[in-house]
1. Taking all protein chains in place and a 1.4 Å probe, what share, in percent, of the accessible surface of the chain do carbon and sulfur account for?
2. List the GluC sites (Glu not before Pro) within region 77-158 that DSSP assigns to loop and that have no more than 10 neighbouring Cβ atoms inside 10 Å.
3. Could you count how many Lys pairs in region 106-185 have their Cα atoms under 29 Å apart, skipping same-chain pairs fewer than 8 positions apart?
4. Taking the simple approach of a point 7 Å from Cα along Cα-to-Cβ for both Asp116 and Val181, what is their distance in nm?
5. Tell me which of Gln2, Val90, Thr175 sits at the most positive position along the dipole axis of the chain, charges placed on C-beta atoms (Lys, Arg +1; Asp, Glu -1).
6. Please identify the trypsin sites (Lys or Arg not before Pro) of region 107-168 that satisfy two criteria: DSSP loop assignment and at most 10 other Cβ atoms within 10 Å. Which are they?
7. Run the dipole for region 61-185 about the Cα centre, Lys and Arg Cβ at +1, Asp and Glu Cβ at -1, nothing else charged, and hand back the magnitude in debye, nearest 20.
8. Could you compute the net charge surrounding Arg48? Neighbours are other residues with a C-beta less than 9 Å from the C-beta of Arg48; K and R count +1, D and E count -1.
Amino acid sequence: MQVNDLRPGSTFLMDGNVYVVIEQSFSKTGRQQGKVTVKIRNMRTGSRTEMTFTGGDKVEKAMIDRKDMQYLYNDGENAYLMDTETYDQVQIPMASLDWEKNFLTDGLMLKMTEFDGEILGVTLPDKVELTIVEAEAAVKGDTTSGAQKKAKLETGYEIQVPLFVNEGTKVIINTNDGKYVGRAQ
């Protein structure tokens, strides 16, 4: 595929690695050939980098499979997922789910990405509903606008929440940045 056709979300192979495009920009000055600059993430290691190509360059398109999966449980070493159509189970090392483990609860639906039978990782829903298991007490008189306190979620992840949120409250969390969005209904 031509590098001019790369868009955010496009996947390609280069030097034996699978990359996904995060951002893409095109620039052309004077008589020079255009340059395509892409910010990419290595789907195996998670590392991010920036590459610049000449307008006519080509890269090999990577055919990535995405499957709907259900998170079942983890045994400390591996996370176990189930394909909801075939009921096949797969295991993924917990070490490769460093960020995702903060939001995994039994029964959570997610997307697993696969390339040639190799599991590259999982994609969480944009928002998840979790329960607060520990929350600091709100200090009486602390009424500044937007005041926040620390709270711990059922997964062990710690976040900042408004003062009115207490233990046992179900909250909605943005999985992209790990921040409080609101209370669940």
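The values are calculated or read from the model by the stated rules, or taken from the named source; none is laboratory data. Just so you know, these numbers come straight off a predicted model, no measurement behind them. Cβ coordinates were reconstructed from backbone atoms using ideal geometry, including for glycine residues, and neighbour counts include every protein chain displayed. Please note that ligands, DNA and RNA were not included when accessible areas were found on the heavy atoms of the full protein model with its side chains. Shrake-Rupley method; radii C 1.70, N 1.55, O 1.52, S 1.80 Å.
1. Numbers: 4970 of 11190 Å².
Roughly 44 percent, rounded to a whole number.
2. When the GluC sites (Glu not before Pro) of region 77-158 are filtered for loop state and at most 10 Cβ neighbours within 10 Å, Glu77, Glu85 remain.
3. Lysine pairs meeting both conditions in region 106-185 amount to 21.
4. About 3.6 nm, to one decimal.
5. So the residue we want is Gln2.
6. On the way: sites: Lys111, Lys127, Lys140, Lys149, Lys150, Lys152; in loops: Lys140.
Taking region 107-168 and a limit of 10 other Cβ atoms within 10 Å, the loop trypsin sites (Lys or Arg not before Pro) found are Lys140.
7. Values: 13 positive and 22 negative charges, 153 e Å.
Taking the Cα centre of region 61-185 as origin, the dipole is about 740 debye.
8. On the way: positive: Lys39, Arg41; negative: Glu50.
Charge balance in the 9 Å sphere: +1.
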